[in-house]
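The values are calculated or read from the model by the stated rules, or taken from the named source; none is laboratory data. Every value quoted in this text rests on a predicted model; they were computed, and no experiment measured them. Glycine also receives a Cβ, built like all others from the backbone with ideal geometry; neighbour counts cover every protein chain displayed. Ligands, DNA and RNA are stripped out before the accessible areas are found, and what is left, the full protein with its side chains, is counted by its heavy atoms. Shrake-Rupley method; radii C 1.70, N 1.55, O 1.52, S 1.80 Å.
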Amino acid sequence: MTAVGPFGLSVRDQALEADVQTGLAAVEAGLLDACKSDVPFISEAAQHLVRAGGKRFRPLLVMLASQFGDPHAPGIVPSAVVVELTHLATLYHDDVMDEADVRRGVPSANARWGNSVAVLTGDFLFARASHILADLGPEAVRIQAEAFERLVTGQILETAGPRDGRDPVDHYLDVIAGKTGSLIAVSGRFGAMMSGADEQVVDILTQYGERLGVAFQLADDLLDIASDSHESGKTPGTDLREGIATLPVLHLRAQAAASGTADDQELVALLDSDLTDDDRHAEALRRLRVHPALELARRDTVRYAQDARATLAPLPECYAKAALEELCDLVVHRAG
């Protein structure tokens, strides 16, 4: 039994392990190739985050989903490259919006080259993803376009905030279903679809990816508060500093509004203050890390991961299904 992919996923079958490892290696080569340009500076900027590493969570899901059809079908690796290129492109843009200094343990592209280069490099990666996608057929293009629309819509909704009368927690869950769930859902869908799996299997793995994607993002939100930069590969508390209210903060605000305790009100006031101040930022992180709102957010993460696992129930028992189930546990484990 060998650990592969993100978080040390254990694959209990040699044939499955070989397929996954071979597929991920081909994706890595495809990513580097897609990031090459005749202009050396563009190649350097585009390959910056690829070479920094990463979990390759989405390509791994493509590989596992392909096991329910022909895992060696020609469209599988290119579709995995497409979803990871799209994800990487959004990271370049996210870091500009968040003014982040670190990504995957290295200086962010915007910190190294400035915002304009970072934005344009993200656009370059989107263009390369589209070029690969065009060879996968019109249905794949449509699926990716719809997912990308949802991704951007989620980002806009996050920026705009909930409309009057909307529960902020419900709004936030809609945001991350778009921002993160949509592309992870496409990973499951592409893997199954490109392998020629039955339509019912494609639907199941799409739903699984959506729910796992929400759990994955909720776990990331927890890590942003609870981890240090060594664990997460990026600056802790970035969302706090930028005033982005993730689920732990939303639970805190709801509790403060309901209970009105002095400590909760004081912490909310601190979060509403200027957290670009390092001392205030550190104090906000320290207090959130021990607040019950963090545990509530962990429970929500567990619930979405359990929903993802339950979605897999109709699939036949096999090593790939067991690996997909284990992914649910590993996502939760990241959240602490």
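Quick notes on this one:
- Among the candidates Glu146, Glu99, Glu84, residue that is of a type in the set (Asp, Glu), modelled with pLDDT of 95 or more and surrounded by fewer than 23 Cβ atoms within 10 Å (Cβ to Cβ): Glu146
- The one condition from (1) part of a helix (DSSP H, G or I); (2) under 30 Å from Ala15 (Cβ atoms) that Ala73 does not meet is (1).
- Of everything listed in (1) within 20 Å of Gln155 (Cα to Cα); (2) small (Gly, Ala, Ser); (3) open to solvent by 20 Å² or more (accessible area, probe 1.4 Å), the single unmet condition for Ala118 is (3).
- Residue pairs meeting the criteria (Cβ under 6 Å; at least 6 apart or on separate chains; first small (Gly, Ala, Ser), in segment 253-272; second assigned to a helix (DSSP H, G or I)): Ala256/Asp264; Ala256/Gln265; Ala256/Val268
- Candidates Arg280, Arg211 - the one that is of a type in the set (Lys, Arg) and under 22 Å from Asp329 (Cβ atoms): Arg211
- Count - residues of segment 109-130 that are out of contact with any helix residue (DSSP H, G or I) (no Cβ under 7 Å at 6 or more places or on another chain) and in contact (Cβ under 8 Å) with a residue 60 or more places away in the chain: 1
- If the condition is being touching a Lys or Arg at 6+ places or on another chain (Cβ under 7 Å) and either touching a residue at least 60 places away in the same chain (Cβ under 8 Å) or β-branched (Val, Ile, Thr) (or both), then segment 180-189 contributes Leu183, Ile184, Ser187.
Quick grid of which residues meet (1) open to solvent by less than 20 Å² (accessible area, probe 1.4 Å); (2) touching a Lys or Arg at 6+ places or on another chain (Cβ under 9 Å):
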{"residue": "Arg150", "(1), (2)": "no, yes"}
{"residue": "Val169", "(1), (2)": "no, no"}
{"residue": "Gly178", "(1), (2)": "yes, yes"}
{"residue": "Gly191", "(1), (2)": "yes, no"}
{"residue": "Met194", "(1), (2)": "no, no"}
{"residue": "Leu205", "(1), (2)": "yes, yes"}
{"residue": "Gly209", "(1), (2)": "yes, yes"}
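- When residues of segment 1-30 are limited to those that are out of contact with any Lys or Arg (no Cβ under 9 Å at 6 or more places or on another chain), crowded, with 16+ Cβ neighbours inside 10 Å and aliphatic (A, V, I, L, M), the one modelled with the highest pLDDT: Ala26
- Subset of segment 31-47 (residues that are buried (at least 23 other Cβ atoms within 10 Å of the Cβ) and closer than 19 Å to Arg104 by Cα): Leu31, Cys35, Ala45, Ala46
- Of all residues in segment 15-29, none satisfies being hydrophobic (A, V, I, L, M, F, W, C), assigned to a helix (DSSP H, G or I), touching a helix residue (DSSP H, G or I) at 6+ places or on another chain (Cβ under 7 Å) and over 28 Å from Glu139 (Cα atoms).
Rundown of residues vs (1) more than 16 Å from the chain's Cα centre (by Cα); (2) at pLDDT 95 or above, yes/no style:
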| position | (1), (2) |
| --- | --- |
| Val117 | yes, no |
| Ile132 | yes, yes |
| Pro138 | yes, yes |
| Gln155 | no, no |
| Glu158 | no, no |
| Arg166 | yes, no |
| Gly178 | no, yes |
| Ala185 | no, yes |
| Gly191 | yes, yes |
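- For segment 253-293, a residue qualifies if it is closer than 25 Å to Asp170 by Cβ, exposed (fewer than 13 other Cβ atoms within 10 Å of the Cβ) and either of a type in the set (A, V, I, L, M, F, W, C) or in contact with a Lys or Arg (Cβ under 8 Å, 6 or more places away or on another chain) (or both), and the qualifying residues are Ala257, Ala258, Ala269.
- Residues that are modelled with pLDDT under 95 and either surrounded by 19 or more Cβ atoms within 10 Å (Cβ to Cβ) or over 20 Å from Phe126 (Cβ atoms) (or both), drawn from segment 51-77: Gly53, Gly54, Lys55, Arg56, Phe57
- For segment 318-336, taking the residues that are in a helix (DSSP H, G or I) and more than 21 Å from Ala197 (Cβ to Cβ), the one that is least open to solvent (accessible area, probe 1.4 Å) is identified as Val331.
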